[in-house]
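First the structure, in the form of structure tokens, and then the observations on it.
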Amino acid sequence: MSGARAQAFAELKAKIAVLEAGGRGRASGLSLGDPRLDACFPGEAGLPLGQWHEIGAEGMEVETAAAPAAFAALLAAPLAVRGEAVWILRRDDLYAPGLVGLGFPAERLIQVCVRDEAEALAAAEDALAAAGVSAVFAEVEAVDLTAGRRLQLACEKRGATGFILRRRPYGGLGVKAATGSAAATRWRIAPAASDP
């Protein structure tokens, strides 16, 4: 590729990035510690900050959410050092000493227990838009496109990052899964066999 053509291509990529960000410029990212992983994200900057991410699993994890919660806590530990972390749950079973074992600063943790899905999403939206909050975790079963857009607007207000943990804390049959998502990333966590 010629020098002029490469320059034009780079300028076009920059314009597209501004359009994708709604004119807000490029959001910062959180390195995952491996350049190969960071390269999978826009701008090769790591996990996009100031947006929300959906984390889920299968089987019993849909009810317990232990693996997704641990994964989210590991991702967000560097963010919790910058500000308060709000964890919104419908079942009061979060084990803060376990988070400390993962390197998460529990002294920055604010736990909020809510009654239902709608209350969890409303609390998450409020927390994301609050000053001094760097990360918000919300345990919900599904996020439709309208709720997802509201979460994204709340993230953009102050730059907080959201983590939606797909969880059905009392088991039973779930609601119909959302057909689309406004999440910046969607993660499916599954166990893997350890080395012998």
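The values are calculated or read from the model by the stated rules, or taken from the named source; none is laboratory data. No experiment lies behind these values; they were computed from the predicted model shown. In this analysis, Cβ positions are derived from the backbone assuming ideal geometry, glycine residues included, and neighbour counts consider all displayed protein chains. Heads up: the accessible areas ignore ligands, DNA and RNA and are worked out on the full protein's heavy atoms, side chains in. Shrake-Rupley method; radii C 1.70, N 1.55, O 1.52, S 1.80 Å.
Within the range 160-171, work out how many residues are among the hydroxyl-bearing types (Ser, Thr, Tyr) and surrounded by fewer than 24 Cβ atoms within 10 Å (Cβ to Cβ).
1
Suppose we filter Ala6, Ala27, Ala17 for residues that are touching a helix residue (DSSP H, G or I) at 6+ places or on another chain (Cβ under 9 Å), modelled with pLDDT under 85 and in a helix (DSSP H, G or I); which single one remains? Before you say what the answer is, go through the steps one by one.
Values: Ala6 fails: touching a helix residue (DSSP H, G or I) at 6+ places or on another chain (Cβ under 9 Å); Ala27 fails: in a helix (DSSP H, G or I).
Answer to the selection: Ala17.
Kindly indicate which of Ala192, Ala182, Ala106, Ala147 is touching a Leu at 6+ places or on another chain (Cβ under 7 Å) and farther than 23 Å from Glu84 by Cβ. Let's see the steps before the verdict.
On the way: Ala192 fails: touching a Leu at 6+ places or on another chain (Cβ under 7 Å); Ala106 fails: farther than 23 Å from Glu84 by Cβ; Ala147 fails: farther than 23 Å from Glu84 by Cβ.
Selected residue: Ala182, the only one of Ala192, Ala182, Ala106, Ala147 that is touching a Leu at 6+ places or on another chain (Cβ under 7 Å) and farther than 23 Å from Glu84 by Cβ.
Against the definition (more than 17 Å from Leu30 (Cβ to Cβ) and assigned to a strand (DSSP E or B)), how does Ile55 come out, yes or no? Walk me through how you get there before you give the answer.
Details: more than 17 Å from Leu30 (Cβ to Cβ): no; assigned to a strand (DSSP E or B): yes.
No, not satisfied.
Take the conditions modelled with pLDDT under 90, of a type outside the set (S, T, N, Q) and open to solvent by less than 40 Å² (accessible area, probe 1.4 Å) and apply them to Gly180. Does it pass? Reasoning before the result, please.
Numbers: modelled with pLDDT under 90: yes; of a type outside the set (S, T, N, Q): yes; open to solvent by less than 40 Å² (accessible area, probe 1.4 Å): yes.
So Gly180 passes the test.
Under 9 Å between Cβ atoms, which residue pairs at least 6 apart in sequence (or on different chains) link something in the range 1-13 that is under 16 Å from Gly43 (Cβ atoms) with a partner that is loosely packed, with under 10 Cβ neighbours inside 10 Å?
Phe9/Met1
Report, ordered by the first and then the second residue, all pairs with beta carbons closer than 9 Å, sequence separation of six or more or different chains, a first member in the range 28-41 that is on the phi < 0 side of the Ramachandran plot and of a type in the set (Lys, Arg), and a second member that is in a helix (DSSP H, G or I) and open to solvent by less than 70 Å² (accessible area, probe 1.4 Å).
Note: no pairs meet the criteria.
Filter the range 71-118 down to residues that are in contact with a helix residue (DSSP H, G or I) (Cβ under 6 Å, 6 or more places away or on another chain) and closer than 17 Å to Gly50 by Cα and give me whichever is modelled with the lowest pLDDT.
Result: Ala80.
If only one of Gly43, Gly50, Gly56, Gly29 is surrounded by fewer than 16 Cβ atoms within 10 Å (Cβ to Cβ) and among the small types (Gly, Ala, Ser), which one is it? Please lay out each step first, then the result.
Numbers: Gly50 fails: surrounded by fewer than 16 Cβ atoms within 10 Å (Cβ to Cβ); Gly56 fails: surrounded by fewer than 16 Cβ atoms within 10 Å (Cβ to Cβ); Gly29 fails: surrounded by fewer than 16 Cβ atoms within 10 Å (Cβ to Cβ).
None of the other options fit; the residue is Gly43.
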